[in-house]
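Chemist: What follows is a single structure, and I will ask about it in a moment.
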Amino acid sequence: MNIELVLLEDVKNAVLKLYGQEINDNQIQLQNTRKEFEGDITLVVFPFLRISKKSPEKTSEDIGTFLKDTNKLVTEFNVVKGFLNLVIAQEYWLGAIESANSVDKFGIIEPTENSETVMVEYSSPNTNKPLHLGHIRNNLLGYSICRILQANGYKVVKTNIVNDRGIHICKSMYAWQKWGEGRTPENTGIKGDHLVGEFYVKFDQEYRKEIEELVQSGMEQKEAEQKAPSLVAARELLLKWEAKDPETVKLWQTMNSWVYAGFDVTYKELGVDFDKIYYESDTYLSGKDEVLRGLKEGIFYQKEDQSVWADLTGDKLDQKILLRSDGTSVYMTQDIGTAKKRFIDYPIDKMVYVVGNEQNYHFQVLSILLDKLGFEFGKGLYHFSYGMVELPSGKMKSREGKVVDADDLLEEMVNVAKKMSEELGKLGSLSKEEATETYKKIALAALKYFMLKVDPKKNMLFNPEESIDFNGNTGPFIQYTYARIKSVIRKANDTGITIPKKVNSGHILLPKEKELIKKIKLFPAALKESADNYSPAILANYCYDLVKEFNQFYHEHSILKAETSELVEFRLLLSDVVAKVVANGMELLGINMPERM
RNA sequence: GCCUUGGUAGCUCAGUUGGAUAGAGCAACUGCCUUCUAAGCAGUAGGUCAUGCGUUCGAGCCGCAUCCAGGGUACCA
């Protein structure tokens with residue numbers, strides 16, 4: 001039973017009986033009473049003044065009296081201006097904590113046979129460079145939104161589209177052919193994705209040099225950009241690849257396999273995974289077919305140079321290229337093919353793309369194109385658009401090597417976590433392996449929470465000079481509180497105290513205890529809101545809020561040394577529920593909780 | 001130019017469908033480890049919620065205008 005729902009009906013009744021008018025749910029505003037006032041739940045009565053034709057105070061008084069008379073859970077009320085503060089009976093709060101404790105995963109809804117299927121695409125790397133901080137944000141957001149959707153009862157298919165073909169990988173391939181000198185991950189010891197990335201950077205350096213030279217010899221900048229030998233060579237490779245030239249395909253396979261091996265390591269470290277991986281090389285031809293079908297059906301048009309276009313001016317957008325003049329496909333072409341294949345492979349009710357906001361326009365166009373091509377799912381695509389990770393110097397650029405590398409950062413975080421743990425000297429009782437495991441958990445929590453606590457749609461700043469915090473509103477702080485609760489429970493068990501299933505109905509709640517119960521009760525709502533808004537940040541900040549509240553409680557009142565054994569048991573129960581809720585919440589963010597730290 | 005997203009404390013960020021005196025953390029300063037884990041707690045200081053007008057009983061939140069910043073804008077992905 002939820003008190004808000006009951007009160008909702010009661011208030012409707014009250015207004016009907018007192019003033020003879022029916023009102024809608026959305027006119028009723030119930031909120032938690034602010035701490036400085038007495039009461040638990042507050043009804044805002046301003047919206048009823050028009051109906052009551054009385055002063056705010058008088059209206060509040062009327063409704064308050066009515067509620068107190070009809071609902072035995074409403075024990076007292078007081079009025080401050082147009083705010084009606086209701087005091088809810090103790091037994092209600094005691095029941096709430098008991099029921100939160102009685103279920104295994106409080107607030108989490110397991111998917112069933114009939115649940116809707118959501119496919120979430122995230123990560124979507126290019127195979128020409130290693131992952132950087134921007135990709136980390138994508139992966140963490142993608143993974144956790146999958147978990148959050150699942151916890152809200154959706155069937156989720158985690159998917160990844162690997163952009164394994166295209167001009168970008170041809171650039172790395174060309175650079176390797178030209179300057180690679182037969183270097184491989186094996187003979188250099190360099191992680192595969194990093195090695196390939198080096199050639200991508202090399203390409204860009206040489207390409208820029210060539211442009212400069214051409215411009216100095218009198219060519220226009222634009223023309224030079226198109227005619228620089230390196231780019232021409234990369235284009236040729238792309239044509240050869242699309243023509244299935246054996247040598248080119250072989251090189252492509254080899255270099256991609258290096259990258260995949262590297263990505264696997266990074267994904268594993270990050271703790272993300274996928275149910276189904278799509279490769280653009282498998283889907284782009286189908287996309288091309290769709291575009292050609294569209295051309296034949298007159299949905300698209302062809303220019304004299306043979307390039308194929310969509311005219312979207314009717315949708316208040318622009319002209320969009322779908323096939324280059326040399327017949328090769330572009331990003332959009334591939335996405336059409338991939339989308340089609342996915343809807344054949346799975347019974348998808350909702351398709352979510354986790355992709356940066358720089359591609360907002362792309363997804364707007366994709367949606368319209370699919371719709372024009374007659375795919376009914378086109379209009380329903382959802383672009384989960386998130387902001388950039390910026391450095392103090394501005395945007396990250398892989399080509400210029402101006403990035404925070406994912407692997408480097410992870411390693412650095414583990415080192416810092418290790419150093420801090422050793423300084424604090426708390427992991428002495430653990431074996432070396434267990435301690436290392438714990439450093440990793442802490443480091444990952446710091447990184448993940450740092451990325452996820454920020455509203456996804458906003459750009460965020462990362463300053464490499466200042467390493468990510470382990471104190472304050474951070475993952476490790478939340479882990480720490482959890483570990484402390486676990487420690488208390490261990491101590492209790494050692495002395496033979498166990499956590500009860502039921503609470504003593506005569507227990508009188510302290511203000512802090514009640515505050516904790518109220519916060520715990522908010523978990524299901526936070527979880528739902530997190531899913532509805534595609535924002536792990538809501539869940540992250542909820543976890544912090546709850547843990548912060550617990551810490552205050554912990555410092556004001558002892559648990560094991562409480563006055564009576566009943567009180568000890570009650571507080572143990574309360575602490576245990578906090579730990580469980582926080583662990584469940586953090587798990588949905590992909591953050592694991594250590595038993596000790 | 002057009003489209004789009006943002007602007008909250010020195011810094012990084014929260015801020016429930018519009019609701020009571022706008023909140024955390026970091027940095028600074030002050031206390032608290034003989035007491036269940038001090039990665040903590042309590043406190044001090046720090047705000048024209050970019051600016052102006054409007055809607056409303058009530059605006060950080062809604063509308064309009066302006067300023068600033070990011071992103072996109074026909075053969076990169």
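The values are calculated or read from the model by the stated rules, or taken from the named source; none is laboratory data. Computed from a prediction, not measured in an experiment: that's the story for all the values here. Heads up, the Cβs are rebuilt from the backbone with ideal geometry, glycines too, and the neighbour counts pull from every protein chain shown. For accessibility, only protein heavy atoms count, side chains too; no ligands or nucleic acids. Shrake-Rupley method; radii C 1.70, N 1.55, O 1.52, S 1.80 Å.
Chemist: A:SER325: accessible area at probe 1.4 Å, nearest 10 Å²?
Modeler: 70
Chemist: Here is a follow-up. Could you work out the relative contact order of chain A? I mean the mean sequence separation of Cα pairs under 8 Å and 6+ apart, divided by the number of residues, in percent.
Modeler: Reported as a whole number, the value is 15 percent.
Chemist: Quick check: the angle from helix A:360-372's long axis to the longest principal axis of chain A, C-alpha only, nearest 10 degrees?
Modeler: Computed tilt is about 80 degrees.
Chemist: Which three lengths, in whole Å and largest first, does region A:474-597 cover when its Cα atoms are put on their principal axes?
Modeler: 45, 31, 24
Chemist: Equivalent-ellipsoid semi-axes (√(5λ), Cα gyration tensor) for region A:293-340, whole Å, largest first?
Modeler: Details: eigenvalues 48, 44, 23 Å².
Result for region A:293-340: semi-axes of 16, 15, 11 Å.
Chemist: Out of the GluC sites (Glu not before Pro) in region A:149-256, which ones are loop residues according to DSSP with at most 11 other C-beta atoms within 10 Å?
Modeler: On the way: sites: A:GLU181, A:GLU186, A:GLU198, A:GLU206, A:GLU210, A:GLU212, A:GLU213, A:GLU220, A:GLU223, A:GLU225, A:GLU236, A:GLU242, A:GLU247; in loops: A:GLU181, A:GLU220.
Those that pass, being in a loop and sparsely packed, are A:GLU181, A:GLU220.
Chemist: Using helices alone, I'd like the mean residue ellipticity at 222 nm for chain A: each DSSP H run of four-plus residues gives -39500 (n - 2.57), total over residue count, nearest 500.
Modeler: Details: 21 runs with 327 residues, N = 597.
Calculated mean residue ellipticity at 222 nm is -18000 deg cm²/dmol.
Chemist: Determine the distance separating the Cα centre of region A:313-357 from the Cα centre of region A:89-151; give it in Å without decimals.
Modeler: 27
Chemist: Follow-up. Within region A:513-597, list the chymotrypsin sites (Phe, Trp or Tyr not before Pro) lying in a DSSP loop whose Cβ has at most 16 other Cβ atoms in a 10 Å radius.
Modeler: Numbers: sites: A:TYR534, A:TYR542, A:TYR544, A:PHE550, A:PHE553, A:TYR554, A:PHE570; in loops: A:TYR534.
Answer by residue number: there is no such site.
Chemist: Using DSSP to define loop residues, name the trypsin sites (Lys or Arg not before Pro) in region A:461-532 whose beta-carbon has at most 10 other beta-carbon atoms within 10 Å.
Modeler: Details: sites: A:ARG484, A:LYS486, A:ARG490, A:LYS491, A:LYS501, A:LYS502, A:LYS512, A:LYS514, A:LYS518, A:LYS519, A:LYS521, A:LYS528; in loops: A:LYS501, A:LYS502.
Passing both the DSSP loop test and the Cβ count: A:LYS501.
Chemist: Could you tell me which residue out of A:VAL232, A:VAL582, A:MET597 lies farthest along the dipole of chain A toward its positive end? Charges go on the beta carbon: Lys and Arg +1, Asp and Glu -1, centred on the Cα centre.
Modeler: My answer, from the dipole projection, is A:VAL582.
Chemist: Give me the percent of the accessible area of region A:249-341 that comes from carbon and sulfur atoms, probe 1.4 Å, all protein chains in place. Present the calculation step by step, with values, prior to reporting the outcome.
Modeler: On the way: 2200 of 4440 Å².
The computed percentage sits at 50.
Chemist: Using only the Cα atoms of region A:118-237, build the gyration tensor, take square roots of its eigenvalues as a ≥ b ≥ c, and label the shape rounded, prolate or oblate: rounded if a/c is under 1.5, else prolate if a/b is larger than b/c, else oblate.
Modeler: prolate
Chemist: While we're looking at this one, here's another question. Could you give me the percent of Cα pairs per 20 Å distance bin for chain A, shortest bin first, beginning at zero and ending with the bin that holds the maximum distance?
Modeler: Taking every Cα pair in chain A, the percentages come to 17, 41, 29, 12, 1.
Chemist: Right, something else. Percent of accessible area on region A:79-122 owned by carbon and sulfur, 1.4 Å probe? Provide the component values of the computation, followed by the final result.
Modeler: Values: 980 of 1980 Å².
Of all accessible area on region A:79-122, carbon and sulfur atoms account for 49 percent.
Chemist: At 1.4 Å probe size, with every protein chain present, just tell me what the per residue accessible area of chain A comes to in Å².
Modeler: Numbers: 28100 Å² over 597 residues.
Counting only protein heavy atoms, the per-residue value for chain A is 47 Å².
Chemist: OK, next. With all protein chains present, calculate the accessible area of A:LYS372 using a 1.4 Å probe and round the result to the nearest 10 Å².
Modeler: 80
Chemist: I've got another one for you. Considering only region A:76-192, what is the antiparallel percent among its DSSP beta bridges, to the nearest 5? List each step's numbers first, then the result.
Modeler: Numbers: 5 of 12 bridges.
Of all bridge pairs located within region A:76-192, approximately 40 percent are antiparallel.
Chemist: Just for the Cα atoms in region A:511-554, what are the lengths along the principal axes, largest first, rounded to whole Å?
Modeler: Cα spread of region A:511-554 along its principal axes, largest to smallest: 32, 15, 8 Å.
Chemist: Same structure, new question: Normalised by the residues of region A:455-541, what does the relative contact order come to in percent, with Cα pairs under 8 Å and at least six apart?
Modeler: Working: 21 pairs, mean separation 32.6, N = 87.
It rounds to 37 percent for region A:455-541.
Chemist: Follow-up question, since we're still on this one. Calculate how many DSSP beta bridges within region A:258-392 are antiparallel, expressed in % of all such bridges and rounded to the nearest 5. Write out the running numbers ahead of the final one.
Modeler: Values: 7 of 12 bridges.
So the antiparallel bridges amount to about 60 percent of the total.
Chemist: Let me ask another. Treating only the Cβ atoms of Lys and Arg (+1) and Asp and Glu (-1) as charged, compute the dipole magnitude of chain A about its Cα centre; round to the nearest 20 debye. Don't skip to the end; give the middle numbers.
Modeler: Working: 77 positive and 88 negative charges, 146 e Å.
That gives chain A a dipole magnitude of about 700 debye.
Chemist: Report, in debye and to the nearest 20, how large the dipole of region A:455-597 comes out about its Cα centre when Lys and Arg carry +1 and Asp and Glu carry -1 on their Cβ.
Modeler: About 400 debye.
Chemist: With point charges of +1 on the Cβ of Lys and Arg and -1 on the Cβ of Asp and Glu, referenced to the Cα centre of region A:68-163, which listed residue (A:PRO125, A:PHE77, A:ASN139) lies farthest in the positive direction of the dipole?
Modeler: Positive-most Cα among the choices belongs to A:PRO125.
Chemist: Any of A:LYS457/A:LYS528; A:LYS35/A:LYS521; A:LYS178/A:LYS209; A:LYS418/A:LYS453; A:LYS191/A:LYS227; A:LYS320/A:LYS402 with alpha carbons more than 21 Å apart? Name them for me.
Modeler: On the way: A:LYS457/A:LYS528 18 Å; A:LYS35/A:LYS521 17 Å; A:LYS178/A:LYS209 15 Å; A:LYS418/A:LYS453 23 Å; A:LYS191/A:LYS227 33 Å; A:LYS320/A:LYS402 30 Å.
Table pairs above 21 Å Cα-Cα are A:LYS418/A:LYS453; A:LYS191/A:LYS227; A:LYS320/A:LYS402.
Chemist: Next up: Which of the pairs A:LYS432/A:LYS561; A:LYS448/A:LYS518; A:LYS158/A:LYS548; A:LYS350/A:LYS514 have their Cα atoms more than 29 Å apart in this structure? Display every interim value, and only then the final one.
Modeler: On the way: A:LYS432/A:LYS561 33 Å; A:LYS448/A:LYS518 27 Å; A:LYS158/A:LYS548 33 Å; A:LYS350/A:LYS514 40 Å.
Long pairs (Cα-Cα over 29 Å): A:LYS432/A:LYS561; A:LYS158/A:LYS548; A:LYS350/A:LYS514.
Chemist: I want the antiparallel fraction of DSSP beta bridges within region A:1-160, as a percent rounded to 5.
Modeler: 70
Chemist: Next question. Where a Cα-Cα gap under 12 Å defines reach, which aspartates and glutamates qualify for A:LYS222, not counting those fewer than 8 residues away within the same chain?
Modeler: Within reach: A:GLU212.
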